[in-house]
Each structure stands twice: as structure tokens, then as C-alpha cells.
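K.L.:
Got a structure for you, written out below as C-alpha cells; questions coming shortly.
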Amino acid sequence: MSSQKQFRAIKGTRDILPPDSALWNWFEQIARETLESYNFREIRLPVFEDTQLFARSIGVDTDVVSKEMYTFEDREQFHMAHPLSLVDVIRLDEAVAEGWQRGTIPHTSANEAEVIKLHEACREIEREGTAAVLRFLDSVRNLALGDSLTLRPEATASVARAYIEHGMQTLPGNQKLYYVGPMFRRERPQKGRYRQFYQVGAEVLGQSDAPAIDAEVLEMLLLLFKGAGLANTTLYINSIGCKECRSKYVELLREELRKVKDKLGPDSQRRIETNTLRVLDSKLPEEQPVIEKLPRISDHLCAACRQHFSELKDELHLREISYDENWRLVRGLDYYTRTTFEVTATGLGSQNAVCGGGRYDGLVELLGGPAGVKGIGFAIGTDRAILSIQEGEKVPHLPGLSVFIARMGAKAYPVAISMARKLRACGLAVELPPQEMKFGKALGLADKLGARYALIIGEDEVSSGTYTLKRLADAEQKKLSENELLEYLESERRGSGA
Ligand code: HAM
């Protein structure tokens, strides 16, 4: 008996199977169409980046960077001539010594230990031979020459990196970019929270920080949600000020928090010193009365930030967008300035934020790009958007299998093949079974597969040139010539969206 390991998807990851995958594609297609109607264009980004990119943008004290990143060393190995002779070993030993001196072998403590072991092994080889050669080779293989890389926990940092790398500030107008794809965070999995999850995100980068940009981004987002039938969404907005006014506010908040430290739990106590604003995010019931009494950023914004926020609200009214102001919406990533926002939807339990975003005016400069570039964007959590659609009342009926071809007799087979090709060319999904089946069995399978129609091709049909088309929902049958059949099914497809 074999006791083979049963492989399963890694905790926090999952397979998106049909028919759900059709709903995902449908949602992403609506997103693409909506974003492109606002002149956003797609950017395809790598799934992993230099770890430092995320540490610098998102912030080392955030949960994402300090606990949730999938970081690995990109192991490149020392190039070795094969098979090794004693001369090669000595040359390799010299090359390692030189690499260490020049710094091409990174000066980490692990590498230092390996380099020392290598030297010792090389001396041993001179004395002992084969066993020592093997130890020597192990040590060479252990040298870590690669970089620290991280699976992207989000994509705003990557977009900013790409903007700088490709000199996009020299392109005309604002850069309006969108992305669709997986992100990775080692969070505790639960409904709506996964370790590999998916986002549809949009970013605007350029010289202007006009509140009309923020408002248009929000208008587009809500239009997208409406198009996808997302029920009961609420838009929350806030302004967390700029570098100057926020740092003064954070100092004041920290002082006030120190005074009430004893009333807070250990997480919030720690955050007072490491990531003060995040205390406002706490959902612990016993902390709520304390937090409600804390100073609010809206009372401490500088004149320019206050004006920006007030103009944003005017712009939202102009577009008839309703929103709730939430002074505690500070977001979990360090790069935000001024406008922050989130959208919640129903049917999601505690993980009800279906989208988050905001402004990040200093990010490009922080990453070594040109000064003065402003940015704003959002990311929709696709997993959560889909869950919310599925739990709502407007689950779209998506076209599946249109025609199942039931054939009998040798002469029917080539006709069935040609008919399948013609129907597929009309954009219909067609199933042509690989083996002949009795009509009764074929119709049963067609039904189980959810086909709309069964096309019956027997030897009689072939000689008369008329085919029987059976609608499976009500068993209605039509006898049609090839042309009539193609015309009928094509007009049906247009009518049903199939
Ligand atoms: P975020 O709030 O970290 O923002 O993530 C955006 C959305 O991604 C969340 O509202 C949620 O729907 C979804 N999401 C986050 N983590 C998970 C998870 N573990 N499982 C399932 N869904 C999740 C950002 O990522 C920013 N880059 C957004 C942004 C773009 N800000 C400016 N531009």
C-alpha cells in the first residue's frame, strides 16, 4: 500500500474553480472596462521585488512589513569548474578570498562564517584529500550571493518604482495606471482574508494634487462597484494631513495616549511608540471609549491640508457621491498623506473593507525619484468583492455551455466536427463528446453539464441536411437547416449575452 503524501493548497491559498472563475473573470472585465473608460491603462508588474522597496514605502513598523511579508534570499551559487582538481580548489579559495575582500560576497555574518570554514577546508584538502573536498564544496554552496526579495504584499510601491525606473515623469500628463493580480501577506486566514489574495488597483502619478483627481478616482471606483452589482457599499473618507501637520498631530496624540496607556491593551500600548496613528484602528470594545476622547486630526490639519480636504468634499458633492467622514481612518501603510478612504460592503463579516486607498504625495521622492511627484490610488480586494457579490441578490447569470452535440453513426461524425467548428466560430461554447453515445445518454450528460441546447446529428439528419435542436430547459425542439441553425443560435447568443 502506498502512503504517499496528499498535497493540498498551502494554508491561506486556494484554487478558484469553475464556475466561480467565470465570475472572477467577469468582475475583472468590468473593472478593466470601467478603468479604461477613465483613461487608465494596464501596467503589468513583477510579483517579487527588492525587500527594501516595501520596507521603505510601507514602513518597517507596519504589520505588513514587520510580520507579514514572504521574504526569501535569491540564492545564486558560486560558479564552480567541474570536476574539481586540487588546483581548482586552490583557485576557488583565492576567488572567494578576493570576493570577500572586494565585497562581491555580501558581508553578512553567515557569509563570514562560511568564508572562514572555506579557508580551513582548503588547508584540510591539501592535507587529507576527498572527504575534505566534499566539505569544502558544501561551504562554497552555502555562500549566499543573492539579494533579499519579497513577494509583493501590495503594488503601489512597485508602481512608484516603475514610474521612477522608466522616467515616466517626462511623459505628457498624469500617469494613470491600473494592475490586476495576486498579492501575498502572511496573515491569519479567515473568511475574506487570505495569504495569497487578489487586487485590482489604480494609481495616478503626476505633478498635480488637485482634489478633482481624488474625486474622480472615487467616482470611478464607485461606478465600478455599481457595475458589478456590489450591494450596500459605504465610502469612508478622511484626511491625515501632510508631513508637517501630521507629525505635530502624531506627537500630540502620543502624549495624550501616554496619559491613558493603562487603559489600553498590549498591542495599542506598543503602538503608542512604534506606530501611533494605528492605535486609532483598534477594534477592541474596551478601548473605544478611550479612543473616542482623543484629539482628532481634522482639528489639527494645516491650512493647505484643510483646504484640500474641503475642496475634495465639494468635488464629491458635485459628482453626487455620498460618503461618511471617519476621523479614525488612518490606514495601515506609512506612505499615505492627506486623503485616505475605504469602501465597505455587506456580507463580509469582520473583513468588510472591500477597497482601500489614498494619497501618497512623497512616495516617489522617498524612493529616490524626482521631487514634487504626487500620487493617489486604491486597491480593491477582489476576493472580498466576489464574496460580497455572491452573498448579495445580484449574482449575474453568466453564460456557460451553449451547445452539446449528440451524434450517432459514422456519417454523422465529420458533420459534427464541422458543425462544432462553425458554432465555435460564432462565439458559442460547444461540447463535442469524444466518443459516440446513445442519444438518451448524451442528452442526460448535456443536461448535467448545464448546456442550453443539444444539437442532434444522426445519419437521417446528415442525409436530409436538417438538424434537430433541442432546448434543454423546456425540451422544445426545432428542425433547422445548417444556415437556419447558425443564424438562430447566433441571434440567441446576442439576446442572452451567451
Ligand atoms: P490595503 O488596504 O492594504 O491597501 O489593501 C486593499 C484591499 O485589499 C483591502 O481593502 C482588502 O479588500 C484587500 N486585502 C488586503 N489584505 C487582504 C487579505 N489578506 N486577504 C484578502 N484581501 C485583502 C493597499 O494594498 C494599497 N496598496 C492600496 C492603495 C493603492 N493605496 C494607494 N494606492
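The values are calculated or read from the model by the stated rules, or taken from the named source; none is laboratory data. Only a predicted model underlies this, so the values are computations on that prediction, with no experimental measurement involved. Note that each Cβ is placed from the backbone with ideal geometry, even for glycine, and that neighbours are counted across all protein chains shown. These area figures cover heavy atoms from the full protein model, side chains too; ligands, DNA and RNA do not enter into them. Shrake-Rupley method; radii C 1.70, N 1.55, O 1.52, S 1.80 Å.
K.L.:
Using the Cα centre as the reference, give the magnitude of the dipole from point charges on the C-beta atoms of segment 84-186 (Lys, Arg: +1; Asp, Glu: -1; all else neutral), rounded to the nearest 20 debye. Provide the component values of the computation, followed by the final result.
P.N.:
On the way: 12 positive and 14 negative charges, 144 e Å.
For this selection, approximately 680 debye.
K.L.:
With every protein chain kept in place and ligands, DNA and RNA left out, what is the accessible area per residue of segment 355-461? Probe 1.4 Å, answer in Å². It would help to have the intermediate numbers written out before the result.
P.N.:
Working: 4780 Å² over 107 residues.
I get 45 Å² per residue for this part.
K.L.:
Taking a probe of 1.4 angstrom, what is the accessible area of Thr466 in Å², to the nearest 10?
P.N.:
50 Å²
K.L.:
What is the spread of the Cα atoms of segment 1-142 along each of their three principal axes, largest first, in whole Å?
P.N.:
For segment 1-142, the Cα spread along each principal axis is 71, 53, 30 Å.
K.L.:
While we're here: So what is the accessible area of segment 1-160 per residue, in Å², with the probe set to 1.4 Å? Before the final figure, lay out each step's value.
P.N.:
On the way: 9820 Å² over 160 residues.
That works out to 61 Å² for each residue.
K.L.:
7 Å from Cα along Cα→Cβ at both Arg14 and Glu126: what's the point-to-point distance in nm?
P.N.:
Taking the simple label geometry, Arg14 and Glu126 are separated by 6.3 nm.
K.L.:
Per DSSP H run of n ≥ 4, the term is -39500 (n - 2.57); total these for the chain, divide by its residue number, and report the mean residue ellipticity at 222 nm rounded to 500 deg cm²/dmol. All intermediate terms of the calculation are to be shown ahead of the outcome.
P.N.:
On the way: 18 runs with 214 residues, N = 498.
After summing the helix terms and dividing by residue count, I get -13500 deg cm²/dmol.
K.L.:
Which of the helices in the chain meet the span-like rule: DSSP H, Cα axial reach of 27 Å or more, Kyte-Doolittle mean at least -1.0? All intermediate terms of the calculation are to be shown ahead of the outcome.
P.N.:
On the way: long enough: 109-128 (28 Å, -0.82).
The answer, listed by residue number, is 109-128.
K.L.:
Right, something else. DSSP loop (so not H, G, I, E, B), at most 14 other Cβ within 10 Å: list which chymotrypsin sites (Phe, Trp or Tyr not before Pro) in segment 260-352 pass both filters. All intermediate terms of the calculation are to be shown ahead of the outcome.
P.N.:
On the way: sites: Phe309, Tyr323, Trp327, Tyr335, Tyr336, Phe341; in loops: Tyr323, Trp327, Tyr335, Tyr336.
Sparse-neighbourhood loop chymotrypsin sites (Phe, Trp or Tyr not before Pro): none present.
K.L.:
Would you mind computing the Rg to Rh ratio of the chain from its alpha-carbon coordinates, Kirkwood style for Rh? Don't skip to the end; give the middle numbers.
P.N.:
Details: Rg = 30.8 Å, Rh = 27.8 Å.
Using Cα coordinates only, the ratio equals 1.11.
K.L.:
Using the heavy atoms of the protein chains alone and a 1.4 angstrom probe, what is the accessible area of segment 161-231 per residue in square angstrom? Display every interim value, and only then the final one.
P.N.:
Working: 2760 Å² over 71 residues.
So segment 161-231 comes to 39 Å² accessible per residue, rounded to a whole number.
K.L.:
Let me ask another. Of Pro153, Gly465, Gly167, which is farthest on the positive side of the dipole of the chain, counting Cα position, with +1 on Lys and Arg Cβ, -1 on Asp and Glu Cβ, and the Cα centre as origin?
P.N.:
Gly465
K.L.:
Another question about this same structure. With 19 Å as the limit, write out which pairs from Lys411/Lys478; Lys261/Lys293; Lys243/Lys374; Lys283/Lys313 have Cα-Cα distances beyond it, or answer none.
P.N.:
Numbers: Lys411/Lys478 21 Å; Lys261/Lys293 13 Å; Lys243/Lys374 13 Å; Lys283/Lys313 27 Å.
The answer is Lys411/Lys478; Lys283/Lys313.
K.L.:
How big is the equivalent ellipsoid of segment 73-222 along its three axes, where each semi-axis is √(5λ) from the Cα gyration tensor, reported in whole Å from largest to smallest? Walk me through the numbers on the way to the answer.
P.N.:
Details: eigenvalues 523, 77, 25 Å².
That gives 51, 20, 11 Å for the three semi-axes.
K.L.:
Would you give the gap between the C-alpha center of segment 160-178 and the C-alpha center of segment 205-244, rounded to a whole Å?
P.N.:
Cα centres, segment 160-178 to segment 205-244: 20 Å.
K.L.:
Listed highest first by mean packing, meaning other Cβ atoms within 10 Å per residue, what order do 225-235, 369-379, 10-20, 479-489 come in?
P.N.:
Numbers: 225-235: 17.0, 369-379: 19.9, 10-20: 11.2, 479-489: 15.4.
Descending packing order for the listed peptides: 369-379, 225-235, 479-489, 10-20.
K.L.:
Output the direction-averaged projected area (hull surface divided by four) of the convex hull of the alpha-carbon atoms of segment 211-280, in nm². Walk me through the numbers on the way to the answer.
P.N.:
Numbers: hull surface 27.6 nm².
Hull-based average projected area comes out at 6.9 nm².
K.L.:
Just checking the chain: which Cys have no other cysteine's beta-carbon under 4.7 Å?
P.N.:
Flagged as lacking a Cys partner: Cys122, Cys242, Cys305, Cys355, Cys426.
K.L.:
What dipole magnitude, in Debye to the nearest 20, does the chain give about its Cα centre under +1 on Lys/Arg Cβ and -1 on Asp/Glu Cβ? Could the numbers behind the result be given before it?
P.N.:
Working: 66 positive and 72 negative charges, 227 e Å.
Using Cβ point charges on Lys, Arg, Asp and Glu, the chain gives about 1100 debye.
K.L.:
Then there's this: What is the percent carbon and sulfur in the accessible area of the chain, measuring with a 1.4 Å probe over the protein chains and ignoring ligands?
P.N.:
Numbers: 12890 of 25870 Å².
Here carbon and sulfur together make up 50 percent of the probe-accessible area.
K.L.:
Continuing with the same structure: What does the convex hull of the Cα atoms come to per residue for segment 6-56, in Å³?
P.N.:
Values: hull volume 7.4 nm³, N = 51.
Each residue corresponds to 146 Å³ of Cα convex hull volume.
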